[in-house]
1. Among the residues of segment A:223-263, count how many are of a type in the set (S, T, Y) and under 25 Å from the mean Cα position of the chain (by Cα).
2. For A:L312, state whether it is assigned to a helix (DSSP H, G or I), surrounded by fewer than 19 Cβ atoms within 10 Å (Cβ to Cβ) and not polar (S, T, N, Q).
3. Select from segment B:215-232 the residues that are small (G, A, S) and more than 12 Å from ligand 1 (Cβ to nearest atom) and write down the one among them that is most open to solvent (accessible area, probe 1.4 Å).
4. Could you give every pair whose Cβ atoms fall below 7 Å, whose first residue belongs to segment A:272-290 and is at the interface with chain B (Cβ under 10 Å from one of its Cβ atoms), and whose second residue is of a type in the set (D, E, K, R) and open to solvent by 30 Å² or more (accessible area, probe 1.4 Å), counting only separations of at least 6 or pairs across chains?
5. Which condition number does A:K96 fail, the rest of (1) closer than 27 Å to A:M314 by Cα; (2) surrounded by 16 or more Cβ atoms within 10 Å (Cβ to Cβ); (3) in contact with a Lys or Arg (Cβ under 8 Å, 6 or more places away or on another chain) being met?
6. Within segment B:56-93, restricting attention to residues that are among the β-branched types (V, I, T) and within 21 Å of B:A176 (Cβ to Cβ), which residue is farthest from the other protein chains (Cβ to nearest Cβ)?
7. Going through A:V357, A:V330 one at a time, which residue ends up being more than 30 Å from A:Y140 (Cβ to Cβ) and without any contact (Cβ under 8 Å) to a residue 60 or more places away in the chain?
8. Is there any pair linking a residue in segment A:169-182 that is without any contact (Cβ under 8 Å) to a residue 60 or more places away in the chain to one that is surrounded by fewer than 23 Cβ atoms within 10 Å (Cβ to Cβ), with Cβ under 9 Å and at least six apart or on different chains, and which?
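The values are calculated or read from the model by the stated rules, or taken from the named source; none is laboratory data. Keep in mind it's a predicted model, so treat the numbers as computed, not measured. All Cβ positions, even for glycine, are placed from backbone atoms using ideal geometry, and neighbour counts span all protein chains on display. All accessible areas refer to the heavy atoms of the entire protein, side chains included, with ligands and DNA or RNA removed. Shrake-Rupley method; radii C 1.70, N 1.55, O 1.52, S 1.80 Å.
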Amino acid sequence: MFKLILSNLRQRPTRTLVSVIAVALGVALLLVSMGLSYGQLVDTVRRAQGIGGDFILQPSEASVIFALNSGTIPVRVQKVIEEVEGVEAATPILAKFLGDQFHIVFGIDPESFGRVNSTLSFVEGGRFSEPREVIIDTIYANSKKMKAQDPLQILGHEFTVSGVFREGIGARVLLPLTTLQELNGTPDKATMFFIRAKEEVALEQVYESLQERFENYKITKTAELQEIMMDSTPVFKEFVTAMVFISVTISFLIILLAMYSTITERTREIGILKSLGASKSYIVRLILNESLLICAVGVGLGFLATFVVIELLMAAFPTLPVAISLFWRVTAAAMAVTGGTLGALYPAVKAAGMDPVKALGYE
Amino acid sequence: MSEMIGMTRRKDVVVVEDLQMVYRVSKLEVPALRGVDFTVKEGEFVAVIGPSGCGKSTLLHLIGGLLKPTSGRILIEGVSISSVSDFERTEIRRQRMGFVFQSYNLLNTLTARENIALAKRIQGNGHYEDGSAHQILRMLGLENKMDHKPWELSGGEQQRVAIARAVINRPAILLADEPTGSLDSENSRMVLNMLRELNSVYGQTIIIITHDPEAAATADRVIEMRDGKILNRVQNMFYAMEEKRS
Ligand SMILES: Nc1ncnc2c1ncn2[C@@H]1O[C@H](COP(=O)(O)OP(=O)(O)OP(=O)(O)O)[C@@H](O)[C@H]1O
Ligand SMILES: [Mg+2]
C-alpha cells in the first residue's frame with residue numbers, strides 16, 4: 001500500500017508539493033504566532049517575577065497587562081500596605097508604554113525597590129543617582145549597542161545610562177520614579193505595587209490580609225501570574241483558539257481539495273483495486289494514509305519553516321521574546337493531522353463507495 | 001466418456017439460476033439479462049459469445065459480485081454471492097476471483113512487478129506458492145520487462161501482466177471480459193495460449209467473454225447469448241443430462 005501511495009504522490013508532484021506547503025503553512029502560522037504571543041507573555045511574567053515580590057497590587061479595574069493604565073494609585077498607599085500584617089516591604093512602580101520604541105519603561109523608587117528585590121546586579125556601571133539617569137538591561141544594551149554613560153532619549157528628554165543590569169527584572173529600561181511621574185504628568189502616582197511578604201509568614205495568610213485591607217484593589221500572587229495573565233489578557237484565549245482553528249482549517253481544506261480531486265481522477269484505479277478484491281476499508285485506508293503522509297511531511301516542513309522564520313525575526317529584533325513549547329509543537333502537529341484526516345475522510349468514504357463497474361470506465 | 005464422468009464429479013464452481021438484471025436509467029428500465037441459467041464446473045474453460053449489448057459483461061459483473069442482480073441466484077462454490085453482505089462479497093472476490101478486462105486496467109503508476117505484487121498483497125490468501133508464481137511469470141515471457149511501467153509495454157504484454165495479476169493467487173475462477181479485444185492476432189494468440197495453459201496445467205477455471213471466434217474455439221464449451229438469454233440450450237441440455245446421470 002505504501003508503494004502505491006508513494007507512486008501516486010510522485011505521479012502528481014505539483015499537487016503533492018502544494019498540499020505539503022499548505023499544511024506546513026498552517027503549522028508554521030500556528031507555531032510562529034503562538035511562539036511570539038506566548039513569548040511576550042512568558043517574558044513579561046518572568047520579568048515581573050524577577051522583581052521579587054510575592055504579590056502585585058493594582059487598581060481593581062486594571063488588566064494584568066501593565067502600563068495600559070499608567071499611574072492611578074497614590075504613592076502614599078505604600079505606607080498602608082507596609083502596615084498590613086506579614087508584609088515586609090512594598091514598592092511603587094509606574095509603568096509607561098513607549099509607543100515609538102514599542103516597549104515598557106518602569107519608574108522605580110530605588111530605596112523601596114531594593115527592599116523588595118534582591119537580585120538586581122550590574123554588569124557595568126551602577127544605580128542611578130541623578131533624576132536624568134536610567135539603567136538598562138543587558139538585552140537592551142546589546143540590541144542598541146549601548147554601554148554605561150551613553151545618552152538615551154526617553155519621552156523627548158535626554159538621559160544618561162548609569163548602568164547595565166542583568167536582564168530579567170521588571171522592564172528593559174528603569175528610571176527614577178519621580179522623573180517618570182513628572183514626564184507622565186502623574187505626580188505621586190503609581191501603576192502598581194510589588195509587595196514582599198515576611199519570610200516566616202504563610203503567603204496565603206498575607207494574601208487574605210491584603211485582600212481584606214484593600215477591597216477595592218486587585219491583589220495578584222506573582223507565582224500565579226502566568227495563568228492569570230492568560231485568563232485576563234484581552235482576547236488572548238480567543239486569539240489562541242482562532243489560530244488553532246485557522247491551522248486546522250487550512251489543512252482540512254487543502255487535503256479535502258487535494259484528495260477529492262485525486263479520487264475523481266483516480267476512479268479507474270479504485271475500480272481496479274476493487275476488482276482485485278480490495279475492501280472498502282482498504283480504499284479508505286489508502287486515501288487516509290496518503291493524506292497522513294502529506295500531513296506528516298507538511299508538519300516537518302512547517303517545523304523547519306518556523307525555525308527559519310524565528311531565526312530571521314530574532315536576527316532582526318534581538319529583544320523579541322519567543323517561546324515555542326513542546327505543547328504547541330505537539331498541538332500544531334496534531335491539528336495538521338486532525339484537519340488533514342477530517343479533510344480526507346469524505347473523499348475516502350466516497351472513493352470506497354464507488355461503483356466498481358462504473359469506476360472501471362467500461363467501454 | 002470417462003472424461004465426461006470425471007467432469008460430473010467435479011465441483012460446481014459457478015451456478016447461475018434464473019438470473020435477471022434490469023438497469024434503471026432514470027425512469028427507463030433496460031433489461032440486460034432475462035433469465036439465464038448455467039453451471040461451470042471446476043477446471044472448465046467456458047467462452048461466452050454473442051452480439052454487442054446482449055448482456056455478456058453484465059453477466060460477468062454479476063458473477064464477480066461487482067453488481068447485484070434484480071432477481072435470480074449466483075452460487076460461487078456453493079455460496080450465494082448476491083445475498084451475502086457487501087463485506088463477504090468483497091471477501092469472495094478477494095479470495096476466489098481474478099478479473100481480466102479488455103482495457104488491461106493495470107495501475108499506471110506501478111511497474112508490472114508492482115502491479116502483480118499489489119494483487120498478491122491485497123489477496124494474500126495463502127494459495128500463493130512461490131513455485132507456481134514463478135512459473136506463471138515465466139509463462140508470461142516478460143521476465144526482462146517486469147520493471148517496466150504499463151505505458152512501456154505493448155498491449156499484449158500489458159494484458160499478459162493483467163492475466164498474471166489475476167491468477168497469481170490461484171483464484172477458483174478467472175473472469176475475463178474480451179481479453180483479446182484490443183489485441184492484434186499475434187498478441188491475441190499469445191494471450192489465449194496463456195489462458196489455455198493456465199487451464200490445462202493448473203486446472204484454472206476460466207470464463208471468457210469474446211467476440212473472437214478463435215478465442216471461442218480455444219474454450220471447452222461455448223455459451224451463446226442473445227438478447228439477455230442463453231441461446232444454445234442444446235449444449236446445456238446435454239450437460240444437464242450428464243448431471244442427472246451422476
Ligand atoms: N450501467 C448501465 N446502465 C444502464 N444500462 C446498461 C448499463 N450497462 C449495460 N447496460 C445495458 O445493458 C445491456 C447489456 O450490456 P452489456 O454491457 O452487458 O452488453 P455486452 O454483451 O457486454 O456488450 P458488448 O459486447 O458491447 O460489450 C445493453 O443494452 C446496455 O446498454
Ligand atoms: Mg461487454
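1. First, the residues of segment A:223-263 that are of a type in the set (S, T, Y): A:232-233, A:241, A:247, A:249, A:251, A:260-262.
From what's left, under 25 Å from the mean Cα position of the chain (by Cα): A:232-233, A:241, A:247, A:249, A:251.
Of the residues in that region, 6 qualify.
2. Details: assigned to a helix (DSSP H, G or I): yes; surrounded by fewer than 19 Cβ atoms within 10 Å (Cβ to Cβ): yes; not polar (S, T, N, Q): yes.
Considered against the rule, which asks whether it is assigned to a helix (DSSP H, G or I), surrounded by fewer than 19 Cβ atoms within 10 Å (Cβ to Cβ) and not polar (S, T, N, Q), A:L312 comes out as yes.
3. First pass over segment B:215-232, keeping only residues small (G, A, S): B:215-217, B:219, B:228.
Then keep just the ones that are more than 12 Å from ligand 1 (Cβ to nearest atom); that gives B:215-217, B:219.
Values: B:A215: 0, B:A216: 13, B:A217: 81, B:A219: 16 Å².
Ranking the candidates gives B:A217 first.
4. Note: pairs meeting the criteria are A:G277/B:R94.
5. Unmet for A:K96, out of (1) closer than 27 Å to A:M314 by Cα; (2) surrounded by 16 or more Cβ atoms within 10 Å (Cβ to Cβ); (3) in contact with a Lys or Arg (Cβ under 8 Å, 6 or more places away or on another chain): (3).
6. Of segment B:56-93, the ones among the β-branched types (V, I, T) are B:58, B:63, B:70, B:74, B:76, B:79, B:81, B:84, B:90, B:92.
When the remaining residues are screened for being within 21 Å of B:A176 (Cβ to Cβ), the result is B:58, B:63, B:74, B:76, B:81, B:90, B:92.
Values: B:T58: 9, B:I63: 12, B:I74: 15, B:I76: 13, B:I81: 13, B:T90: 5, B:I92: 8 Å.
Once the filter is applied, the top-ranked residue is B:I74.
7. Details: A:V357 fails: without any contact (Cβ under 8 Å) to a residue 60 or more places away in the chain.
Going through A:V357, A:V330 in turn, just one is more than 30 Å from A:Y140 (Cβ to Cβ) and without any contact (Cβ under 8 Å) to a residue 60 or more places away in the chain: A:V330.
8. A:E182/A:P131
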